[in-house]
Each structure stands twice: as C-alpha cells, then as structure tokens.
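The values are calculated or read from the model by the stated rules, or taken from the named source; none is laboratory data. Keep in mind the model is a prediction, meaning the values are calculated, not measured. All Cβ positions, glycine included, derive from the backbone under ideal geometry; neighbour counts span all protein chains shown. Remember, those area values only see protein heavy atoms, side chains included, never the ligands or the DNA or RNA. Shrake-Rupley method; radii C 1.70, N 1.55, O 1.52, S 1.80 Å.
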Amino acid sequence: MANPKIKIDPLPSDKLADFLSLGLLIFSWIFLLAIYTGMPETVPIHLNGVGKADGFSNKITLFIDPLISTIIYTLLTYLNKYPHIYNYPTVINERNAAQYYTIGSRMIRYLKLSVMIVLLLVQLELFAIAKDVKINLGVWSLIIPLLIIQGPVIYYLKDIFNKKNLIGA
C-alpha cells in the first residue's frame with residue numbers, strides 16, 4: 001500500500017534553511033569565480049587524515065566542489081518534494097502522515113544545509129592551502145564535517161522514533 005500523498009507547508013525556519021542553503025551554494029560559486037585567476041596552476045585536491053594536502057591537480061579541478069554542491073543541492077531539493085517516498089519506521093496513514101512527512105522533510109532540508117556548509121568549508125580549506133595560508137585543522141578537518149552532517153540526521157531520526165512511540169503504528 002502506498003503512503004498517502006499530502007502537501008506539507010514549510011515553517012519559517014524551514015524556509016530559512018532553504019534560503020541559507022541556496023545562499024551558501026551561490027557564495028561558493030561567486031567566491032570561486034572571484035579568486036580563480038589568482039590561484040596557482042597546481043592546487044590541492046585531497047587532504048589526508050591529518051589535514052595535509054596529499055593530492056594535487058590543475059586549478060580547473062577547483063570547479064568540482066561547487067559542481068558537486070550544485071548537484072547535491074538540486075537532488076535534495078527535488079527529493080524534499082516527495083516525503084511520501086521516504087522510509088519511515090512505521091506504517092504511514094492519513095492520521096500520522098503529516099507529522100512524519102514534516103520530520104522527514106525537515107531532516108532532508110537541514111541535511112542539505114549541512115552538506116552545503118561542509119562543502120564550502122572544504123572548498124575554503126583547499127583554497128587556503130593552495131594560497132599557502134596556514135589553517136592546520138589537522139584531524140579536525142575530518143571530525144568537524146562528520147559532526148555537521150550527522151547532527152541533523154541523528155536529531156531527526158531520534159525525533160521520528162520518538163513520534164513512533166507517541167503516535168503508535
């Protein structure tokens with residue numbers, strides 16, 4: 001049996017998350033275009049586990065990060081229009097659909113914002129290393145992105161499982 005299809009109206013905080021996600025995406029493109037000509041011909045493209053550059057390529061590869069950001073932004077925005085296709089820990093019916101769809105939609109929305117933040121941070125770190133600006137986040141360059149991305153997922157999954165206990169199947 002297919003989940004019911006209902007429209008979920010975003011709250012102002014949801015709209016703000018969407019606005020910030022789009023703003024970060026646009027900023028990553030504008031920043032890249034603004035500094036591209038001043039970048040060295042060879043730039044870092046990969047960092048090892050302690051935040052040191054261990055892979056290098058031509059500066060044209062700097063476009064990969066904003067391109068990936070654009071693809072992820074577009075896919076998550078599109079996916080967010082169809083919360084009835086997500087997997088939920090219970091049977092979805094007319095009675096509980098709005099609550100679950102709101103949580104699922106909000107999780108995707110904040111995941112999108114988190115990914116935009118992380119990819120922009122990666123982009124900025126690679127630019128700084130290419131320009132020989134010392135940041136030296138070390139292992140934190142791995143830990144911080146994981147925490148940023150996992151935060152919304154853990155929070156909203158906890159919320160969904162709490163709703164399951166409150167609403168029932």
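Brief remarks on what is shown
- Cα→Cβ-extended label distance, 7 Å offset, between K134 and K52, nm: 1.5
- Helix 12-35 axis, angle to the chain major axis (alpha carbon atoms, nearest 10°): 20
- Computed E for Y36/S13 - FRET, C-beta separation, R0 30 angstrom, nearest 0.05: 0.30
- Sites excluded, trypsin sites (Lys or Arg not before Pro) in DSSP loops with at most 13 other C-beta within 10 Å, longest stretch of the chain: 8-51
- What the chain shows is 59 Å² of accessible area per residue, with the surface traced by a 1.4 Å probe over protein heavy atoms.
- Degrees between helix 140-167 axis and first principal axis of the chain (Cα, 0 to 90, nearest 10): 0
- Extending 7 Å from the Cα toward the beta-carbon at both I6 and I154 defines two label points whose distance is 3.1 nm.
- Portion, in percent, of the accessible area of the chain that falls on carbon or sulfur, probe 1.4 Å: 69
- For the peptides 16-27, 38-49, the ranking by mean Cβ contacts within 10 Å, running from highest to lowest, is 16-27, 38-49.
- 0 to 90° range, to nearest 10: angle between helix 64-79 axis and the chain longest Cα axis: 10
- Which labelled figure in [x] 56, 42, 35; [y] 58, 28, 28; [z] 80, 55, 36 is Cα extents along the principal axes in Å, once derived from the coordinates: [y]
- Using a probe of 1.4 Å on the protein chains alone, the accessible area found for S114 is around 10 Å².
- When you restrict to C-alpha pairs under 8 Å that are six or more residues apart and normalise by the size of the chain, the relative contact order lands at 32 percent.
- Relative contact order of segment 1-100, defined on C-alpha pairs under 8 angstrom at six or more residues apart (%): 36
- Restraint check, K112/K158; K7/K81; K15/K112; K5/K112; K81/K112, Cα-Cα greater than 20 Å: K5/K112
- Measuring only protein heavy atoms, the 1.4 Å probe finds T74 accessible over about 80 Å².
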